[in-house]
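Asks: Handing you this structure, nothing more for now.
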Amino acid sequence: MVHDALPRLGVGMIGYAFMGKAHSQAWRTAPRFFALPMRPEMTALAGRNESAARAAAQTLGWEGVETDWHRLIEREDVDLVDICSPGDTHAEMAITALEAGKHVLCEKPLANSVAEAESMAAAAAQAATRGQVAMVGFTYRRVPAIQLARQLVADGRIGRVHHVRAQYLQDWLADPAAPLSWRLDKQKAGSGALGDIGAHIIDLAQFITGESVTGVSAILETFVHERPVAAEFSGLHGTAGSARGPVTVDDAAIFVGRMSGGGLASFEATRFAWGRKNAIRIEINGSRGSVAFDFEDMNVLHFYDAADPAAEAGFRRIVVTDPAHAYIASWWPAGHGLGYEHAFTHQVVDLVRGIAAHENPSPTFADGLQVQRVLAAVEASSAVDSAWTAVDQRQPVTTR
């Protein structure tokens, strides 16, 4: 039960589709499983279609509805704005909310361009001087097995990083008859597979290693250039209508890179991998060992210690469901696995605790800007026949 004596945190959410549902579940669940220092209240949801927004609010557990996101931000009972709308809206919404004195949680990628992300990071840095928090939603960081991988690397268990190998594979667009959505419109999404899912593996590679990507050589490809316009849409899938429209983003991205510690990296992001629904795979090889993770087996981390005797050497399969692992103690007994939705709950937990402690939890908007700079370098490289392209390494403004 949520403790009524705790300080209230009024939450307003913009958008209520796929990510809105995931975020709503997290706001409902976090205070009931974790001891939080504040009492989140799902105050209002914003959406342009009033009847649809009201239906979503009732289903998802929000108390009120606004049809203008400006009014949501202006509400005195909203302390934090959770942005779950398409990428082309992120910069204006986040900056407006920060200037209004609100905390902000913004879905990834942070923006549709480096310029937008720089403006957002600058606004967050200024807001931090007033005690506000701004965080970007790279939720896969908060999978317990990923947390363990980061800890093993930070503790030196795999030594110096030599290789980073990362893939994000989906198949929901492999069928050329799959209809258009906003994710296939560059004006709204910024990029395709690159920004939508490639951003996640860039962030994971940097988060686990503690290093940054410094340069890339890339190829972007669009396999299907025209699709039917959706008559209706739910989540990632829709029903095709009779009209057709252009695809203006990439379907797949492949790039190699260099890490700041000198290691080599390879990345692949595609929505054309038949049979792969949400396969996030990352393996890191170091001078003393390796770690490997696959989201399709998300409660397991594989760890190889090169110091083991040859007769016993091999990848160790660690089931990351023990109370000793990150976040697990608040959930189920050991061996009872977690799912996709739990990382969103952990995101809320870290965010609320950060607000209460007057500390900005990562990933900050500065972290989101750094990922945006990698995305921009990938696009620039692909545009000039995969020429090696440096990632802007200027120190971004920071809220830390």
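Asks: Within segment 363-377, identify whether any single residue is farther than 19 Å from residue 109 by Cα and out of contact with any Asp or Glu (no Cβ under 7 Å at 6 or more places or on another chain), and answer yes or no. Can you show your working first?
Replies: We begin by selecting, within segment 363-377, every residue farther than 19 Å from residue 109 by Cα; these are none.
The answer is no; no qualifying residue exists.
Asks: Out of the residues in segment 289-322 that are in a loop (DSSP other than H, G, I, E, B) and open to solvent by 40 Å² or more (accessible area, probe 1.4 Å), which is farthest from residue 201 (Cα to Cα)?
Replies: Taking segment 289-322 first, the residues in a loop (DSSP other than H, G, I, E, B) are 298-299, 306-309, 313-315, 320-322.
So of that shortlist, the ones also open to solvent by 40 Å² or more (accessible area, probe 1.4 Å) come out as 306-309, 313, 315, 322.
Numbers: 306: 25, 307: 28, 308: 29, 309: 33, 313: 28, 315: 22, 322: 25 Å.
Per the stated criteria, the residue is 309.
Asks: Scan segment 31-43 residue by residue and report those that are open to solvent by less than 20 Å² (accessible area, probe 1.4 Å) and over 23 Å from the mean Cα position of the chain (by Cα).
Replies: Residue satisfying the conditions is 43 alone.
Asks: Look through 115, 5, 53 and report the one residue that is out of contact with any helix residue (DSSP H, G or I) (no Cβ under 8 Å at 6 or more places or on another chain), more than 19 Å from residue 348 (Cα to Cα) and open to solvent by less than 50 Å² (accessible area, probe 1.4 Å). Before the answer, list the steps.
Replies: Numbers: 115 fails: open to solvent by less than 50 Å² (accessible area, probe 1.4 Å); 5 fails: open to solvent by less than 50 Å² (accessible area, probe 1.4 Å).
Among 115, 5, 53, only 53 is out of contact with any helix residue (DSSP H, G or I) (no Cβ under 8 Å at 6 or more places or on another chain), more than 19 Å from residue 348 (Cα to Cα) and open to solvent by less than 50 Å² (accessible area, probe 1.4 Å).
Asks: Out of all the residues in segment 56-65, which are of a type in the set (A, V, I, L, M) and either touching a residue at least 60 places away in the same chain (Cβ under 8 Å) or buried (at least 20 other Cβ atoms within 10 Å of the Cβ) (or both)? Step through it out loud before you land on a result.
Replies: Step one: list which residues in segment 56-65 are of a type in the set (A, V, I, L, M), which gives 56-57, 60, 65.
Correct list: 56, 57, 65.
Asks: A further question on this structure: Exactly one of these conditions fails for residue 329: (1) more than 22 Å from the chain's Cα centre (by Cα); (2) part of a loop (DSSP other than H, G, I, E, B); (3) over 26 Å from residue 119 (Cα atoms). Give me its number.
Replies: Of everything listed in (1) more than 22 Å from the chain's Cα centre (by Cα); (2) part of a loop (DSSP other than H, G, I, E, B); (3) over 26 Å from residue 119 (Cα atoms), residue 329 misses just condition (2).
Asks: Could I ask something else about it? I'd like to know if segment 202-218 contains one or more residues that are among the charged types (D, E, K, R), touching a Ser or Thr at 6+ places or on another chain (Cβ under 6 Å), open to solvent by 30 Å² or more (accessible area, probe 1.4 Å) and under 25 Å from residue 90 (Cβ atoms).
Replies: Pass one, segment 202-218, residues among the charged types (D, E, K, R): 203, 211.
Checking which are touching a Ser or Thr at 6+ places or on another chain (Cβ under 6 Å) leaves us with 211.
Next cut, open to solvent by 30 Å² or more (accessible area, probe 1.4 Å) only: 211.
Narrowing the set further to residues that are under 25 Å from residue 90 (Cβ atoms) leaves none.
So far as segment 202-218 goes, no, none of its residues is among the charged types (D, E, K, R), touching a Ser or Thr at 6+ places or on another chain (Cβ under 6 Å), open to solvent by 30 Å² or more (accessible area, probe 1.4 Å) and under 25 Å from residue 90 (Cβ atoms).
Asks: Looking at this structure, is residue 245 in contact with a strand residue (DSSP E or B) (Cβ under 7 Å, 6 or more places away or on another chain) and either surrounded by 16 or more Cβ atoms within 10 Å (Cβ to Cβ) or among the polar types (S, T, N, Q) (or both)?
Replies: Taking the combined requirement at face value, the residue does not satisfy it.
Asks: Follow-up. Is it true that residue 271 is closer than 20 Å to residue 219 by Cβ, open to solvent by less than 10 Å² (accessible area, probe 1.4 Å), at pLDDT 95 or above and touching a Leu at 6+ places or on another chain (Cβ under 6 Å)?
Replies: The answer is yes for residue 271.
Asks: Look at residue 223 and say whether it is more than 20 Å from residue 262 (Cβ to Cβ) and crowded, with 22+ Cβ neighbours inside 10 Å.
Replies: No: the conditions fail for residue 223.
Asks: Would you check if there is a residue in segment 373-395 being assigned to a helix (DSSP H, G or I), modelled with pLDDT of 95 or more, open to solvent by 70 Å² or more (accessible area, probe 1.4 Å) and of a type in the set (D, E, K, R)? Give the derivation first.
Replies: Applying the first criterion (assigned to a helix (DSSP H, G or I)) to segment 373-395 yields 373-383.
Now narrow it down to the ones that are modelled with pLDDT of 95 or more: 373-383.
Okay, now just the ones that are also open to solvent by 70 Å² or more (accessible area, probe 1.4 Å), so 383.
Among the residues that remain, those that are also of a type in the set (D, E, K, R) are: none.
No, there is no match, as no residue in segment 373-395 is assigned to a helix (DSSP H, G or I), modelled with pLDDT of 95 or more, open to solvent by 70 Å² or more (accessible area, probe 1.4 Å) and of a type in the set (D, E, K, R).
Asks: Next question, about the same structure. Within segment 336-354, track down each residue that is part of a helix (DSSP H, G or I) and either open to solvent by 10 Å² or more (accessible area, probe 1.4 Å) or of a type in the set (Gly, Ala, Ser) (or both). Write out each step before concluding.
Replies: Here is the first cut: in segment 336-354, the residues part of a helix (DSSP H, G or I) are 340-354.
Result: 340, 341, 342, 343, 350, 353, 354.
The values are calculated or read from the model by the stated rules, or taken from the named source; none is laboratory data. As the structure is a computational prediction, the values presented were derived from the model and not from experiment. Every residue, glycine as well, gets a Cβ built from its backbone with ideal geometry; the counts of neighbours run over all protein chains shown. Remember, those area values only see protein heavy atoms, side chains included, never the ligands or the DNA or RNA. Shrake-Rupley method; radii C 1.70, N 1.55, O 1.52, S 1.80 Å.
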